[in-house]
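Engineer: Attaching a single structure in C-alpha cells format; questions to follow.
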Amino acid sequence: MAGITIKEYGLAFVWVCLKEYLGRSWPILAIFGAGTVACLLLAMLGRKEDAPLEVVDARDYTPGKYEDAPMPDATSVIWMFVSIVVFAGLTVMNPFLVRALIPKFGMTTVYYRFFWILPITFGAAWFLARGIGSIRKKLLQALAFAAVTGILAFVMPLNPGIPNVTVPTNVYKVDGAIPVLCDAIHKDYEQTETYQKATAKLAGITDRSSRKWMKWEARQHPLCVFPYGIEFAVRQYDPGIRLLFNRNLRLYYEGNTSTGITYGSKNKRYMLRKRILDAMYGRDPSVTPKAFRKAMKATKTQYLVVEENLANGGFLVQSGCSQVGIVAGYTIFRFG
C-alpha cells in the first residue's frame with residue numbers, strides 16, 4: 001500500500017486502504033457485511049429465545065437446554081464479529097479520529113496494518129459456513145456448498161491465475177535456491193578463521209547472558225547481503241544468517257517509501273550500505289575499490305550473493321572478494 005497516506009487522501013483514506021487491502025476479493029467484504037446486517041436484524045426482530053445474539057455463559061449452562069439447537073456457541077461467535085466491527089468503526093476505522101490522531105504517531109503510511117484487527121476473511125467464511133450448515137437436507141447442503149464455491153472461484157480469480165501458480169518443491173515453502181544458498185554459505189563460513197575463533201571463544205564463556213557471550217555468538221553467523229527478491233524469505237528461513245540490511249533500509253534503497261522513513265546523504269549507516277549494493281550491481285561507476293573495501297570493513301560484511309547475470313564480478317574480485325561458487329543461478333562472493 002505504498003503511497004496511500006492520510007495527507008493525500010484525507011477522509012477517504014480508510015476506504016482507499018480497505019479497497020487496496022481487499023483488491024479483487026471485494027465479495028468477501030460484501031459477504032461479511034451482509035452476514036453482520038442479517039444477524040443484527042434477526043437479533044432485533046426475532047424472539048428473545050431465538051435471537052442469534054443471545055449471550056451464552058458457560059456458568060448458566062443447563063444440560064439438555066441446547067440439545068435441539070445445533071451449534072449452541074454460534075451466538076458468541078457472532079457477538080465477537082459484531083463487537084469488532086463496532087470497535088473498529090469507533091476507533092481505527094473512524095476517518096475523523098484517524099485524520100486527527102494517526103499523523104501524530106508518524107504512522108501515515110503503515111496505518112493499513114490496523115485493518116488486520118477486522119477479521120473480514122474469517123467472518124465471511126464463518127457466515128457462509130453457518131448459512132450452508134443451517135440447511136437440513138444433506139443433498140441441498142452439498143449443492144449449496146458446490147454453488148457457493150463455484151461462484152467465489154469465478155468472481156475472485158486467483159492471481160496470477162491457476163495455470164500460473166507454482167508450488168515450491170521444498171518442505172520450507174520458499175524459493176528452492178534459498179536452502180541451497182544458505183547451506184553453501186554456512187559450509188564455507190565454518191572453514192574461516194573468524195568462525196573458528198568465535199567457536200573457541202564461546203567454549204571458554206560460561207555466562208550466556210553476558211555481552212561477551214552474545215558478541216562471539218553473533219560472530220558464529222555470517223553477515224550477508226542477498227538479492228532483494230529473496231532477502232526477506234532468507235530472513236524467515238534461516239535465523240543463522242545475519243543480514244546487513246534491515247527491512248526499512250532495503251525497501252528505501254529499492255525505491256519503496258511505504259515505511260514513511262527516508263535516508264539522506266548525511267545518514268552514514270545507510271550510505272555505507274548503499275555503496276556496497278551500488279558496487280555489487282555496477283549501478284554507480286564512481287564507487288572505487290578503495291571506497292568499497294572501506295564500506296565492507298566498516299559494516300563487517302562477509303558474503304555477497306548476486307544474481308549470476310547481474311554480478312559486477314570483475315570489480316568485486318579486484319576489490320578483495322573471492323568467488324565461493326555459483327549456486328542455483330546466484331554467485332556467492334566472500335570478502336577478505
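Engineer: Of the conditions (1) within 17 Å of Gly240 (Cβ to Cβ); (2) in a helix (DSSP H, G or I); (3) not aromatic (Phe, Trp, Tyr), Val174 clears all except one; give me its number.
Structural biologist: (2)
Engineer: Do we find that Glu217 is among the charged types (D, E, K, R) and surrounded by fewer than 12 Cβ atoms within 10 Å (Cβ to Cβ) in this structure?
Structural biologist: no
Every residue, every condition in (1) modelled with pLDDT of 75 or more; (2) among the aromatic types (Phe, Trp, Tyr); (3) not in a helix (DSSP H, G or I), yes or no:
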position	(1), (2), (3)
Glu49	no, no, no
Phe96	yes, yes, no
Lys104	no, no, no
Met107	no, no, yes
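Engineer: With the structure loaded, tell me whether Gly64 is part of a loop (DSSP other than H, G, I, E, B), at pLDDT below 75 and on the phi > 0 side of the Ramachandran plot or whether it fails that test.
Structural biologist: Judged against the criteria, Gly64 is a match.
Engineer: Ok, one more. Which one is surrounded by the fewest Cβ atoms within 10 Å (Cβ to Cβ), of the residues in the range 278-336 that are assigned to a strand (DSSP E or B) and among the β-branched types (Val, Ile, Thr)?
Structural biologist: Ile326
The values are calculated or read from the model by the stated rules, or taken from the named source; none is laboratory data. Every value quoted in this text rests on a predicted model; they were computed, and no experiment measured them. When we count neighbours, we look across all protein chains shown, and the Cβ atoms used for this are built from the backbone with ideal geometry, even at glycine.
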